[in-house]
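The values are calculated or read from the model by the stated rules, or taken from the named source; none is laboratory data. The structure displayed is predicted, hence computed values, not measured ones. Methodologically, a virtual Cβ is constructed for each residue, glycine included, from the backbone with ideal geometry; neighbour enumeration extends over all protein chains shown. Heavy atoms of the whole protein, side chains included, go into the accessibility calculation; ligands, DNA and RNA do not. Shrake-Rupley method; radii C 1.70, N 1.55, O 1.52, S 1.80 Å.
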Amino acid sequence: MTEQTILVSPYKGNLVDLTVPLDERRELFAYASGLPSIQLTQRETCDLEMLATGAFSPLRGFMNEADHANVVNEMRLADGSIFPIPITLSVNDLTNIAVGKPAALRDAKNDLLALLEIEEIYEWNRELIASAVFGTNDLRHPLVSEMYRWGIYNLAGELRVLKLP
């Protein structure tokens with residue numbers, strides 16, 4: 001008797017893979033050394049890995065404002081795809097960060113993980129998001145408490161992952 005493996009198809013049929021092919025990485029690592037860096041939180045580092053490997057398919061990066069608003073209000077991306085919570089990259093300081101400019105994304109040890117081509121910067125409201133997504137603003141909720149340490153600006157754009165955390 002042969003053993004049969006049945007895999008579940010990725011959402012909408014395509015598994016997102018944001019990792020850069022090996023033969024392109026060396027050049028991009030060199031390029032990134034001259035870019036402004038954004039240090040990811042532990043959560044953002046985990047989210048980056050989930051984005052890179054397709055676990056958050058059909059997302060191809062941190063959410064833009066339209067996807068973010070739709071997910072908060074309807075639990076769907078702007079294209080109608082079901083998605084339960086916002087996946088964001090936030091910063092407090094926009095020094096050296098601008099739409100149309102790339103940034104290097106680094107982990108807590110300062111290891112380069114990815115490049116982000118910034119296409120959108122938008123502000124978000126902690127109280128509104130906590131209430132809509134988690135049903136509470138109570139700081140005893142672990143993610144609500146964590147949200148108050150996130151930056152006030154969310155960044156979105158093309159993501160190219162050079163190294164998994």
Checklist entry - With springs only between Cα atoms under 10 Å, which of Gly54, Gly151, Gly135 fluctuates most in a Gaussian network model of the chain? => result Gly135
Next on the checklist: Please compute the per residue accessible area over segment 1-136 with all protein chains in place, 1.4 Å probe, rounded to a whole number of Å².
Outcome noted: 59
Checklist outcome for this item: With a Förster distance of 30 angstrom and the Cβ-Cβ distance between Glu24 and Asp93, calculated FRET efficiency to the nearest 0.05 equals 0.50
Next on the checklist: On alpha carbon coordinates alone, what is the Rg over Rh value for the chain, Rh being the Kirkwood radius?
Outcome noted: 1.00
Next on the checklist: Output needed for segment 62-113: three equivalent-ellipsoid semi-axes, defined as square roots of 5 times the C-alpha gyration tensor eigenvalues, in descending order, whole Å.
Outcome noted: 26, 13, 10
Checklist entry - Where the centre of each part is set by its Cα atoms, how far does segment 139-165 sit from segment 21-82, in angstrom? => result 10
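Starting from the Cα-Cα distance between Ser145 and Tyr31, subtract it from 0.36 nm times their residue separation and give me the gain in nm to one decimal.
Numbers: separation 114, 0.36 × 114 = 41.04 nm, distance 3.63 nm.
Result: 37.4 nm gained on full extension.
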Item to check | Sulfur and carbon atoms: percent of accessible area, the chain [1.4 Å] | outcome: 51
Checklist entry - If the label point is 7 Å along Cα→Cβ of Gln42, which residues in segment 119-159 have backbone nitrogen under 19 Å from it? => result 139-151
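Under a Cβ-only charge scheme (Lys and Arg +1, Asp and Glu -1), can you give me the dipole magnitude of segment 9-84 about the Cα centre, in debye to the nearest 20? Each step should come with its number before you reach the end.
Values: 6 positive and 11 negative charges, 18 e Å.
Around 80 debye, computed over segment 9-84.
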